[in-house]
Each structure stands twice: as C-alpha cells, then as structure tokens.
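Novice: Quick one: structure below, then a few questions.
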Amino acid sequence: MFSRIQQKKMGIYYIVDECRQSGNILTIRGWMCSTKYRFKNVHFLIEDKTKSSFLIKGKYGVTRNDVYQNLKIDNAKQSGFYAQAIVENIKEYNVWLVFSCESKKYRLRLGKVISDGEVNKEREGRVVEIDSTEKVVDIVTEMNSKNSYTFEFPKEYYAQSVDIIVPVYNGYQYLEKLLTSIKLTDMNYRLILINDKSPDTRVEEYLEAYAKENDNVILLNNEENLGFVQTVNRGFAISQNHVALVNTDVELPSQWLERLMLPIFENKEIASTTPYTTCGTICSFPKFGYDNKLFLNLTVEQIDSEFKKIQPRYEELPTGVGFCMGINREVLQEIGNFDAKTFGKGYGEENDWCQRAIEKGYKNVHVENLFVFHNHGGSFKSEDKKRYLKEHEKKLLQKHPAYSSDVAKFCAQDPNKDIRQSVEFELLRKYKTEKTILAFDHSLGGGATKYLENKKKQCLAEGKEFIIIRYDYLKDLFKISYYWKNDELKMQYNDTKNLPRILEYLCIDEIWINELVTYPVLYEQLKNIKETAKKNNIPVKMLFHDFFAVCPTINLLNNEDKYCELPSCETCNQCLKNNKSLQALDYGSMEQWREEWKTFLRSCDEVVVFSNSTKEIAEKTFGMLENIVVIPHQIGYMPRIEKKNKTTKTLNIGLLGVLTKHKGGDIVAQLVDRIEKENLDIRIKLIGTSCVDINSPVFSQTGAYTRGSIPRLTLENDIDAFLIPSIWPETFSYTTEEIMKMGMPVMCFDIGAPAERVKKYEKGIIIPKISATSVYETITRNQVIKECCNKKINTQKILFVVQEVTFSSRYRIDHLREQLIRKGISSDCVSIKDVKKCNLKQYNSVVAYRISDFDKLKRLKKKVQKLNKNIFYDIDDYIFNYEDIKDIGFLKGKEYRNYENYTKLIKSCMTLCDGYIVSTLSLKKVIEEQFPGKMVVINRNVASMEMTIASLTVDKVEKDYITLGYFSGTKTHNDDFESIKEELLDIMRKNVNVHLLIGGQIELPAEFNEVKDQIETFKFVAWQDLPQLIAKADINLMPLENMMFHECKSENKWMEAALVNVPTIASWNNELATVIKDGVDGFLCKNSEEWTNKLQQLVKNENLRKQIAHDAHERVIKEYMTNDVESEVFKILFN
C-alpha cells in the first residue's frame, strides 16, 4: 500500500486520467512522477475480491509535455502511463500501479472497476493484455519504401498442385467473373465445383458446360441440398492437395493463388491463410470489420496492384474467413473437416476449424499482399440465417470459450491498420480526381479549429479532399489526417525538415494556415511552406484567427494582463521576458519575429482577416498588405427573441462562452464581488463554463452548451442583456454575433472586432473603460438596461412531471416548456419519484406525461386537489386500451410481454387527471370517447429553436443519384416499412440511380439483397444530428399501417423533413389528411398503386420535389415553431 505521508515524503505527484472498463476492455491512463526519484519496474496489477491477481505490463514513460509545463520537473517529461487489457468474467476489481524506488516496491491504487458484463461462476476470470500501440503510417517511411518490395513466387513451388473447392448454391450472376478470374494463376490446380442442388436451373447448365470445356474441373452435383458445411466437406473428401476454399461471389486478381498459398508452402505450422477483401470482417478493406464496396469504384486489379507491393507480415489471426481461404492439407488430415454435426448448414464452421488448429499449435495468418473482391457485403439475412447465427455463436463459445476475447483482442490491436491505411493512401494519390486542400492547425481545439472543421465539412460535401496537419506537443510529432468523403486516414512524421518532401508527395492544390501555435522551430516551418509553395505553384491562404503573427502571446496582453496597444519592439522584448502567456519559446527577438512573419505574410496569395479591426492591427504591425481581405464569419440562423416580460425579480446580465482571464474573468469576478457587497438585485449568469474561480450567490453558470441551446437558455435564465467582457482585441466574436442575431442588448469594451459591430447595433452599448467599475456604472446607469428592468414580472408557473426522460418526452414536454417560456411563463420538470420535494403552491397547474405509477400519481393528485388546482395528462400515443391495439405486430416481441399491464396502468393514471393534452385530432376523439366529460385539447408537436437552428444550418450534399430516406428506425416500425416493400423494390430495380437510406433497428427483408449496392444504412444518431442525416435524402418515406394506433400518431417525420427542405410521401389516413395537403406540401397514398405512381413522379421530376419541399418548409416555419402555443392549451393551464 502507499500512504499520503509516503507520497509527500517521496515528492510524488500523480493523476489518473482514465481507469474504466468499456465492454470487456479495460483502459488505464494517467501520469506519475517524483521531484526526487526515478521509478523502475512500473507495471499494473488487477486484483479481484478473492485476491486473485493478474499482471499487466503496460507502458510507463509516455511523453507528457503538459505535465512538465505545469510542474517544471524534469522527471515529468516522460511521466505518462498507459495500458489496455481484456477483462473477462470478473465483476469487481481494484487496479494498482506497482513500481520500485530505491530498491523498495510500492503499490498505488488507481481505482475500483465494476463491470457491466455477466459473470459465469463456472469459468475463471481472465485478463489478456492488449498491445495498444496505434499503428499509424509514418509518411516519411512510406515515401522511402515506395516500390521497395516486389512479390516473387519461388519457382520450385510451381511443381505443387492445389485443389480449389467452390461450393455453389445459386449465384448464377457471379459465376462467369469467378471462373474467369480463377484462371489468373500460373499454378497447377484442380477445380472442384460442387452444385448444392441450386434451384436456379441455369447454374447446373452453366457448370456442366464449363466442366466439359476444362480438363482440370471436377463437377459434383448434390442430390439434395446439404448446406455449405457438408458440401465443402464433400470437396475435402476428394481433395489430394493443399486446398483453396473460394465462395461463388468472389472475384480474384492475377497471381492470387500463388500469394494465397505461399505461406502454407513455406511454413508447415500455418493452418489457413486469408487475404484482404471488401467484406471479410477482420480482413475487410478499407474499413476494418465492415462490409465495404470496392474502394473508389476501382477494379479488383487496380486495388490489388497496391496490395501486391506490400511486404507481407503474415499476422496471426484468431480465425480465417471462408470467402477465400487457403487450407493446409496436413492440418486438415490431423484435425478433420468442418464440424457439420455442430454447425449444420453453416455459420461458425471455419471459425471452429481455425480454433481447433490453434489448439493443436498451428497458426491462421493474414495474407496482407493479396486483395480479392467479395461481393456479399451488406446482405440482409432471412429469419433462418439470423437464428443460425445466434445459435451457432453460442455453440462456438461452448467449444472455444476464449474465442470471443481472442477476436476482441485482435480487433483492439488491429495490427494491420497501417497496411490498410498505406494502401488506401496510395490509391487516393494514384486515382485522385478532385482538388486537395491542406491546412495547418494546432491541437488545442477552440474557435479556430471549429472554423476549420466546418470548412472541412463544406469542402468534403463539394467532393474535395482535405488534409489537416497538427503538431501534437504531448508526443512531439506531427499528425496528418487525410479526409475524403466519410473516411479519414491517419499518418505522422517527426522531423520538420521533411515537410517540403511531404507537401510534394501529398499532391496538394492549396495550403491554408489555420493555426501554427505550439509548432516547434517556427521560422523553419514558415520557410519550408513558403519555398515549397513557390516551387510547386501552390497558392497559400493565411487565416488570421488570433494575433500569433503579431506577437507570440497570441492575444496582445502584456505581462500585466492588459492590452498592450502595440508598443515598440524594445518594449515588447522586455514584456516577453516575464509574460506568462508566451506560446513560442524560440522567438529570438520581437524584431526577428515581426520580420519573419512579415516576409511570410507577403508571400501568401491571400491573408484573410475576419474584421476591419484585425486588418488595422495587422497593417499597423507589418505595413500595407496588398493581399489582405476582410471576410467576416457567417454564423447561420439564430432565432430572434422577443421578451415580453420577466420571470424573475432581478436584473440578469448574461455572459456567453468559456470565461477565462483574457475573456475578462477577473473583471467579472470584481463585478460580482461588488454586486454581492452592495446587496443589489443583479445577477451575473454565464451560459457556459468559467475557468476563473467565482464563488458567489450572485453568479451562476450553466456548464457546457450547444449553439442551438443558446436562445432557450437565454429565456430560461431570464437574461435581460449580455456582457462581452473580453479584454483583448478579438479578431471576431461568434458570441457577439449570436447575441445580436437574437436581438438582445449587448455591451462590450471599445476594443477589437466586438466593438466594431456593437457600435453599429441598435441595442449595442460601448463600455468606455476596461474596468469592473466602468462595467458596473454602465449596468446601473444605461437607459437600454434600465428599460429591461421595467418589464412586468410574470409569476405564472407550470410543473411538468415525467416517469422518465425519453425521446418522445422531448417533443412533448421540453417543447411545450419552450412554448411557455417564449410567452414569458416559466416551468419546472421533475420525475414522479422526486415530485414530493416540490412546493406545489407556486404552480398554476401540473402536467403529467406518460406516468404509469398509479400510487405516486394518486398521492400527487390529492395534494393538487387540496390546492384547488388541476392536473392534466399529456399523451401522444394510443397506448391506454390494449384490446384496440393488441394485434399490432411489434407487440409480439419479447420486450412487450408486459405491455397489456402497462396500458392498464396508463389508463388508470389518466383516469385520475382533470383533462388531457394530446398531439392529434384522432387521439383527441378517442380520448373523448373513452373519458367522457373531461377536457381534451390539442397541442401539436412543433420544432424547438435548437432543432430549427440545426435544420436551417445543414450542409446539403450534392450527389448524382436520388435517395429515398426512411428515418423511423425503431422495431415498432418494421411492419410499416414492410407495407411498401414491393413498391420500393420495384422502383429500385428499375432505377439503379435510386438509393435507399435506412437505419436504426429496422431489419431489412432478405429480398433487398437484390439491390444491396443501392442501400446505405446508419445507426441511431443523436437527435441533434438527425437534420443533417435527413438532408442526405431527396424523398422522405412515411409509410404507416392503416389502423387507429397509427392514425393517432403525429406528423413529426413530415415536419422534420420539411425543415431541411425534403419532400415527404406518406400513407393516407384520417389524421394526415387533415395536416398534409396532398400534392401541395406532401404526397398521401391510399394504396399500392398510388405509392408506385407518386414515388415515380417524385423520382423523375426534380422540380416537383423542390416545389413540394419548399411549400412544406414555408408552412412548417410559419405554423410549427415554439413561438406560440395553442390558445386552448393556454386556457386550461391557467384556468
């Protein structure tokens, strides 16, 4: 053990950044160092409750420049530690860091971990360390080794013969390409074709003809369908040589057989070999573990030509993959064929065979210098196949308990990642067709990086390629991220002197300087960029996000933390000696700094500044710059706030963003202190987080926020005016622009870009001096702010009570609360279990959403009743009468076993309430029938301000095909989708340029395998990302089964699509007919014929799509925002 006293005595500092288990992978990360000693034999120990322990070597000595800069201790430079391990069958354990110092051994407890996984008491705990070294392509090594390896097949092995076994079941369309490509070898082989009773008669005819034409072909026809496993075993039974097992949906390159079998010829310990392919799980390219399409739509030969240049490592695999697998004849004889008894017709058989080989001491290896095309990717499985997969996975683990963790370990290590990335990079270079932009950036994050990320998105949407170089000061290396479409390649280099070669090798068309803060040997960097750009005629754009080019402090604050106002270089040199904000240690002198940057800036094709204020400072420093242009940032849509009244008694001054010293943190702290001492009714409310310690009842902060949440947080915090307290001349100010777009009063000091714009703003206030006193006087004397205080205070308030926060509660409760706050009415929202803590007297009424806890709601009802107030039930689904909905398909799932009881609880809770707030007219009618005599009002689902901001700022993707999008991705909508299956298949078969975008938990029927290349799937996304996803579609699909349950549903999906200008085609029902104007702002279909005809119209007529989308968009903006609330809802909530 290690005590605090020992820690202090030994001068030890440490921090644990991470010690947690995700899935079955434990990650340990942090740092430890001493002012007095160097540590030896550092490793990690896992100890469970039974005191069983497992050793993990891990790594100690990782570079941590951040720790060194903070502590200024030499031992801190390499003080980082890191480890990863697979932890199985251990529920709870402690993690220890063990080290030696002065010949003594110590243990430091890093943390306690509790796993979420199941524990099998019959099995022992297992810990397997993962080599977590990320294999990233070193671009210099890549350049030096280019074309250094040539594959040569030893001539003596041409005397060998191989048996190629191809089991065939249908797949007629693949046979010609497969059998033609099999011949692309100079090796001797026998081809054993086994037709497994294919129902497609063309298959047998084709194979018979092929066998007659080729002497080395043996054709076997199964008399009955045996399935994959027994069919392959039949081939094994007549094989005499090493085997190449090949699927029918495979296409092969030249010399494929030589490369596949060479490891087996040369090493008797190798049981199986597997090449790279498009769809081969752990052997997939370019995305590991995914089903891919052919990269860049290239041919098999084009892709394989780059793999052929790779010197193979023959990395060991936990299993081979059976699409194209070399099999050692001797191993086959020793361990036997595939296990047909256990695995029946297929799924898991090759994994089992490979595991059996490993258990006998053999290896399965990856053939990294061979790529074949496996055209099976993305197959949608029948119910039988899904069942086989599930059952056979269990059987596999019963036979080989370590299999799962072996695969997890391999995936975590991903040992051949660098090979995939190297090939991907070479193919991108070789077949580049679009413009490539390279940007230099720092790795500190912040506004400049956010700007670059947005620009990157725009460029990628336009089809360009984008490269970002960032200096990682923690690891002292340069990281390269190469982006194209939706993919990213990672590379790196260490030495600045290699930059000219790298820039030429990357074949770039334009260079952007976004940030060079933290870059070492900066003058050499500038020289390299300037000279390489000139030599290769590459235009350079400098982006002036801060004043790093003017001064290495970045923000022009002197050593007294005041704006320096650009004094002489002599004064600057004195300042920099003691300045804590210095961001470049090797600046030499200010004279040299300014001269180097002046030369570089004048060599640029364009110097972009974001305000006239920045231009003035730049030209005051460097003289007139003919290449300078002023381009203010565009921040996109932000709704205007109309505050009609106040909800609090205090004057509330808002701050926005991260509050630091240079952003005026000290001034805010002084202001808060004075407000508190004078006991004024003023509050300072920060939307964001503070890096300055301000502990006062008059100061509050919301914590992290999104841009879309700013208007709502402004209203909820009853902010009257905003303060921009920045004490440096900001080059722009997103926050100032956002505040002005909301129409809120804003004040700032007379400095930099904020003041430049605030002076022109009707509600802008300039604070004359940079001081807390001047801010205080402005707040207390300014007429605009005084008018804010004179607004009427609205004391009305509503309490919302929920069972739990869900996706639908956001639409119903959060959006209704936003509707109310935009009317100047505040509210609170609590869970039913916490409602007892609420003072109910302060609320006008209570709204319960989907509460099913009858006893708790009954107690709440009694309390509300005693106060002569009402409680209303908000509901947006027909889920309170099981008899009416029991025949819905999704209710047959296991997760709905107790749904009948749930609906009864909902109904009993509804009975307690005084009235109902619903989302649709149909739902209103049903409730009026079943709860006669009670009030029922409609409050349709609307779009929140945050959703609207996200929707109106999406980037539309340009493409040469039409996308049908289906975004109702839960299992409850499987039957809905099934209702238009044939119509979709018909239009996709007839139009290869019609694609389907679908995701979530929807299970596509197996029939869609026929058009799988036209299908893109996605996983569940956060609702904030949904608008960008929907915008990828050209037509939004909204099929619904024709029953009352669906008729009671709202028009959400139509509204969400309309917000991003995507037209909707939906099933007709009584509800949607009252909302969507057929043929005007959407299409409604009553039957299959209408679905087919109207889909065809939309697919063929781009102008029709645009017109319907436009009309729907205009209507949603006008009628579906939170800036209003239904008058009936208002009446019942406030009597």
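Novice: Please go through the range 626-639 and pick out each residue that is of a type outside the set (Val, Ile, Thr) and farther than 16 Å from THR953 by Cβ. Steps first, answer last, please.
Specialist: Start the filter on the range 626-639 by keeping residues that are of a type outside the set (Val, Ile, Thr), which leaves 626-627, 632-634, 636-639.
Within the range 626-639, GLU626, ASN627, PRO632 meet the criteria.
Novice: Hey, can you tell me all the residues within the range 559-572 that are at pLDDT 90 or above, surrounded by 13 or more Cβ atoms within 10 Å (Cβ to Cβ) and either in a helix (DSSP H, G or I) or among the polar types (S, T, N, Q) (or both)?
Specialist: Hits for the range 559-572 are CYS569, THR571, CYS572.
Novice: What is the residue count in the range 529-551 for residues that are of a type outside the set (Val, Ile, Thr), in a loop (DSSP other than H, G, I, E, B) and out of contact with any strand residue (DSSP E or B) (no Cβ under 7 Å at 6 or more places or on another chain)?
Specialist: Residues of the range 529-551 that are of a type outside the set (Val, Ile, Thr), as a first pass: 530-531, 533-537, 539, 541-549, 551.
Still in the list and also in a loop (DSSP other than H, G, I, E, B): 536-537, 539, 544-549, 551.
Imposing the further condition that a residue be out of contact with any strand residue (DSSP E or B) (no Cβ under 7 Å at 6 or more places or on another chain) reduces the set to 536-537, 545-549, 551.
Final tally of qualifying residues: 8.
Novice: Here's something else I'd like to know. What do you reckon, is ILE635 at pLDDT below 95 and either among the hydrophobic types (A, V, I, L, M, F, W, C) or surrounded by 14 or more Cβ atoms within 10 Å (Cβ to Cβ) (or both)?
Specialist: yes
Novice: Which members of the range 1086-1103 meet the condition of being in contact (Cβ under 8 Å) with a residue 40 or more places away in the chain and either more than 16 Å from HIS995 (Cα to Cα) or touching a strand residue (DSSP E or B) at 6+ places or on another chain (Cβ under 8 Å) (or both)?
Specialist: Residues satisfying the conditions are SER1088, TRP1091, LEU1095, LEU1098, VAL1099.
Novice: Let me ask something additional. Condition first: among the acidic types (Asp, Glu), assigned by TED's automatic domain parsing to the domain that holds SER1050, under 35 Å from the mean Cα position of the chain (by Cα) and exposed (fewer than 14 other Cβ atoms within 10 Å of the Cβ). Can you find one or more residues in the range 1099-1118 that meet it? Spell out the reasoning first.
Specialist: Keep residues of the range 1099-1118 that are among the acidic types (Asp, Glu), which gives 1102, 1111, 1114.
Restricting the remaining residues to those that are assigned by TED's automatic domain parsing to the domain that holds SER1050 gives 1102, 1111, 1114.
Subsequent filtering for residues that are under 35 Å from the mean Cα position of the chain (by Cα) retains 1102, 1111, 1114.
Filter again for exposed (fewer than 14 other Cβ atoms within 10 Å of the Cβ), leaving 1102, 1114.
Checked the range 1099-1118: at least one residue is among the acidic types (Asp, Glu), assigned by TED's automatic domain parsing to the domain that holds SER1050, under 35 Å from the mean Cα position of the chain (by Cα) and exposed (fewer than 14 other Cβ atoms within 10 Å of the Cβ).
Novice: Can you pull out every residue in the range 1056-1108 that is of a type in the set (S, T, N, Q) and more than 16 Å from GLU1041 (Cβ to Cβ)? Quick ask: steps written out before the conclusion?
Specialist: Filtering the range 1056-1108 down to residues of a type in the set (S, T, N, Q) leaves 1061, 1064, 1067, 1069-1070, 1074, 1087-1088, 1092-1093, 1096-1097, 1101, 1103, 1107.
Residues satisfying the conditions are ASN1061, THR1064, THR1074, THR1092, ASN1093, GLN1096, GLN1097, ASN1101, ASN1103, GLN1107.
Novice: Do you know which of the residues in the range 472-500 that are more than 26 Å from LYS287 (Cα to Cα) and among the hydroxyl-bearing types (Ser, Thr, Tyr) is nearest to the chain's Cα centre (by Cα)?
Specialist: Within the range 472-500, the first condition is being more than 26 Å from LYS287 (Cα to Cα), and the residues that meet it are 473-476, 494-500.
When the remaining residues are screened for being among the hydroxyl-bearing types (Ser, Thr, Tyr), the result is 473, 496.
Details: TYR473: 25, THR496: 32 Å.
Ranking the qualifying residues of the range 472-500, first place goes to TYR473.
Novice: Starting from the range 1112-1135, keep only residues that are within 18 Å of ILE813 (Cβ to Cβ), then list their pairs with residues that are among the aromatic types (Phe, Trp, Tyr) and at pLDDT 95 or above whose Cβ atoms are within a distance under 8 Å, requiring at least 6 positions of separation or different chains.
Specialist: Listed by first residue and then by second, the contacts come to ILE1132/PHE872; LEU1133/PHE872.
Novice: Got a sec? Which helices (runs of 4 or more DSSP H) wholly within the range 729-848 have at least 1 residues that are hydroxyl-bearing (Ser, Thr, Tyr)?
Specialist: 734-741, 772-781
Novice: Would you check if there is a residue in the range 584-601 being in contact with a Pro (Cβ under 7 Å, 6 or more places away or on another chain) and part of a loop (DSSP other than H, G, I, E, B)? Even if it seems obvious, please write down each step before you answer.
Specialist: Residues of the range 584-601 in contact with a Pro (Cβ under 7 Å, 6 or more places away or on another chain): 584, 587, 593.
This time we only want the ones that are part of a loop (DSSP other than H, G, I, E, B), so: 584, 587.
Yes, that holds for at least one residue.
Novice: Could you pull out the residue among GLU301, GLU330 that is outside the structural domain of GLY999 (by TED's automatic domain parsing), acidic (Asp, Glu) and over 28 Å from ASN1009 (Cβ atoms)?
Specialist: Values: GLU301 fails: over 28 Å from ASN1009 (Cβ atoms).
Just a single option satisfies the conditions, and that option is GLU330.
Novice: Tell me whether the range 876-895 contains one or more residues that are assigned to a strand (DSSP E or B), hydroxyl-bearing (Ser, Thr, Tyr) and surrounded by 13 or more Cβ atoms within 10 Å (Cβ to Cβ). Explain how you work it out, then say what you get.
Specialist: Initial filter on the range 876-895 (assigned to a strand (DSSP E or B)): none.
No, that holds for no residue.
Novice: Quick check: is even one residue across the range 386-401 surrounded by 19 or more Cβ atoms within 10 Å (Cβ to Cβ) and at positive phi?
Specialist: Keep residues of the range 386-401 that are surrounded by 19 or more Cβ atoms within 10 Å (Cβ to Cβ), which gives 388, 392, 396, 400.
Filter once more, keeping what is at positive phi: none.
No: the range 386-401 contains no residue that is surrounded by 19 or more Cβ atoms within 10 Å (Cβ to Cβ) and at positive phi.
Novice: Sticking with this structure for a sec: Considering only strands (runs of 3 or more DSSP E) fully contained in the range 640-706, which possess at least 2 residues that are touching an Asp or Glu at 6+ places or on another chain (Cβ under 7 Å)? Before the answer, list the steps.
Specialist: On the way: elements: 651-659, 682-690, 699-701.
Counting at least 2 such residues, we get 651-659.
Novice: Go through LYS91, LYS121, LYS112, LYS36 for me and flag whichever is exposed (fewer than 14 other Cβ atoms within 10 Å of the Cβ), farther than 30 Å from TYR519 by Cβ, of a type in the set (Lys, Arg) and under 33 Å from the mean Cα position of the chain (by Cα). Step through it out loud before you land on a result.
Specialist: Details: LYS91 fails: exposed (fewer than 14 other Cβ atoms within 10 Å of the Cβ); LYS121 fails: under 33 Å from the mean Cα position of the chain (by Cα); LYS36 fails: under 33 Å from the mean Cα position of the chain (by Cα).
Step by step, each of LYS91, LYS121, LYS112, LYS36 is checked, and only LYS112 is exposed (fewer than 14 other Cβ atoms within 10 Å of the Cβ), farther than 30 Å from TYR519 by Cβ, of a type in the set (Lys, Arg) and under 33 Å from the mean Cα position of the chain (by Cα).
Novice: Could you please let me know if ILE766 is touching an Asp or Glu at 6+ places or on another chain (Cβ under 7 Å), at pLDDT 95 or above, crowded, with 23+ Cβ neighbours inside 10 Å and outside the structural domain of VAL864 (by TED's automatic domain parsing)? Lay out the reasoning, then the answer.
Specialist: Working: touching an Asp or Glu at 6+ places or on another chain (Cβ under 7 Å): yes; at pLDDT 95 or above: yes; crowded, with 23+ Cβ neighbours inside 10 Å: no; outside the structural domain of VAL864 (by TED's automatic domain parsing): yes.
Against the criterion (touching an Asp or Glu at 6+ places or on another chain (Cβ under 7 Å), at pLDDT 95 or above, crowded, with 23+ Cβ neighbours inside 10 Å and outside the structural domain of VAL864 (by TED's automatic domain parsing)), ILE766 does not qualify.
Novice: I'm checking my understanding of the structure. Among residues of the range 719-728 that are outside any strand (DSSP E or B) and not β-branched (Val, Ile, Thr), which one is nearest to ASP561 (Cα to Cα)?
Specialist: Applying the first criterion (outside any strand (DSSP E or B)) to the range 719-728 yields 719-720, 725-728.
Now drop any that are not not β-branched (Val, Ile, Thr), which leaves 720, 725-726, 728.
Details: ASP720: 29, PRO725: 14, SER726: 12, TRP728: 9 Å.
Among residues in the range 719-728 that are outside any strand (DSSP E or B) and not β-branched (Val, Ile, Thr), the one nearest to ASP561 (Cα to Cα) is TRP728.
Novice: To continue, here is another question. Look through the range 530-562, keep the residues that are within 28 Å of CYS575 (Cβ to Cβ) and among the β-branched types (Val, Ile, Thr), and return whichever of them is farthest from the chain's Cα centre (by Cα).
Specialist: VAL550
Novice: Oh, and also: Cβ-Cβ below 6 Å, separation at least six or inter-chain, first residue in the range 54-65 and among the hydroxyl-bearing types (Ser, Thr, Tyr), second modelled with pLDDT of 90 or more and part of a strand (DSSP E or B): which pairs?
Specialist: Matching pairs, first to second residue: TYR60/VAL42; TYR60/PHE81.
Novice: Pick out the one residue from LEU713, LEU671 that is crowded, with 22+ Cβ neighbours inside 10 Å and not assigned by TED's automatic domain parsing to the domain that holds LYS562. So that I can check it myself, show each step before the final result.
Specialist: On the way: LEU713 fails: crowded, with 22+ Cβ neighbours inside 10 Å.
Result: LEU671 is the single residue among LEU713, LEU671 that is crowded, with 22+ Cβ neighbours inside 10 Å and not assigned by TED's automatic domain parsing to the domain that holds LYS562.
Novice: Residues in the range 927-943: is at least one within 32 Å of the chain's Cα centre (by Cα), part of a helix (DSSP H, G or I) and under 30 Å from ILE710 (Cβ atoms)? If you could, list the steps in order and put the result at the bottom.
Specialist: First, the residues of the range 927-943 that are within 32 Å of the chain's Cα centre (by Cα): 940-943.
Among the residues that remain, those that are also part of a helix (DSSP H, G or I) are: none.
Taking every residue of the range 927-943 in turn, none turns out to be within 32 Å of the chain's Cα centre (by Cα), part of a helix (DSSP H, G or I) and under 30 Å from ILE710 (Cβ atoms).
Novice: Further question: For the range 710-735, name all the residues that are hydroxyl-bearing (Ser, Thr, Tyr) and modelled with pLDDT of 95 or more.
Specialist: Taking the range 710-735 first, the residues hydroxyl-bearing (Ser, Thr, Tyr) are 714, 726, 731, 733-735.
THR714, SER726 - these are the residues of the range 710-735 that are hydroxyl-bearing (Ser, Thr, Tyr) and modelled with pLDDT of 95 or more.
Novice: Would you confirm whether or not the range 840-860 contains a residue that is acidic (Asp, Glu), touching a residue at least 40 places away in the same chain (Cβ under 8 Å) and crowded, with 19+ Cβ neighbours inside 10 Å? Reasoning before the result, please.
Specialist: Residues of the range 840-860 acidic (Asp, Glu): 853, 855.
Filter once more, keeping what is touching a residue at least 40 places away in the same chain (Cβ under 8 Å): 853.
Still in the running and crowded, with 19+ Cβ neighbours inside 10 Å: none.
Checking the range 840-860: not a single residue is acidic (Asp, Glu), touching a residue at least 40 places away in the same chain (Cβ under 8 Å) and crowded, with 19+ Cβ neighbours inside 10 Å.
Novice: Which of the following residues is in contact with a Pro (Cβ under 7 Å, 6 or more places away or on another chain), surrounded by 18 or more Cβ atoms within 10 Å (Cβ to Cβ) and at pLDDT below 95: ILE998, ILE980? It would help to see each step written out before you state the result.
Specialist: Values: ILE998 fails: in contact with a Pro (Cβ under 7 Å, 6 or more places away or on another chain).
Unique residue meeting the criteria: ILE980.
Novice: All but one of (1) in contact with a Gly (Cβ under 9 Å, 6 or more places away or on another chain); (2) outside any strand (DSSP E or B) hold for LYS8; state the number of the condition that does not hold.
Specialist: (1)
Novice: Still on this structure, I have one more. Given the conditions (1) farther than 27 Å from PRO312 by Cβ; (2) touching a helix residue (DSSP H, G or I) at 6+ places or on another chain (Cβ under 9 Å), report the number of the one that GLU129 does not fulfil.
Specialist: (1)
Novice: Next question, about the same structure. Can you name every residue in the range 84-115 that is in contact (Cβ under 8 Å) with a residue 24 or more places away in the chain and in a loop (DSSP other than H, G, I, E, B)?
Specialist: ASN89, ILE90, LYS91, GLU102, SER115
Novice: Any idea which of LYS49, LYS59 is surrounded by fewer than 16 Cβ atoms within 10 Å (Cβ to Cβ) and out of contact with any Cys (no Cβ under 9 Å at 6 or more places or on another chain)?
Specialist: Working: LYS59 fails: surrounded by fewer than 16 Cβ atoms within 10 Å (Cβ to Cβ).
Criteria check complete, one pass: LYS49.
The values are calculated or read from the model by the stated rules, or taken from the named source; none is laboratory data. These figures come from a predicted structure and were not determined experimentally. No Cβ is skipped: glycine too gets one built from the backbone with ideal geometry, and neighbour counts run over all protein chains shown.
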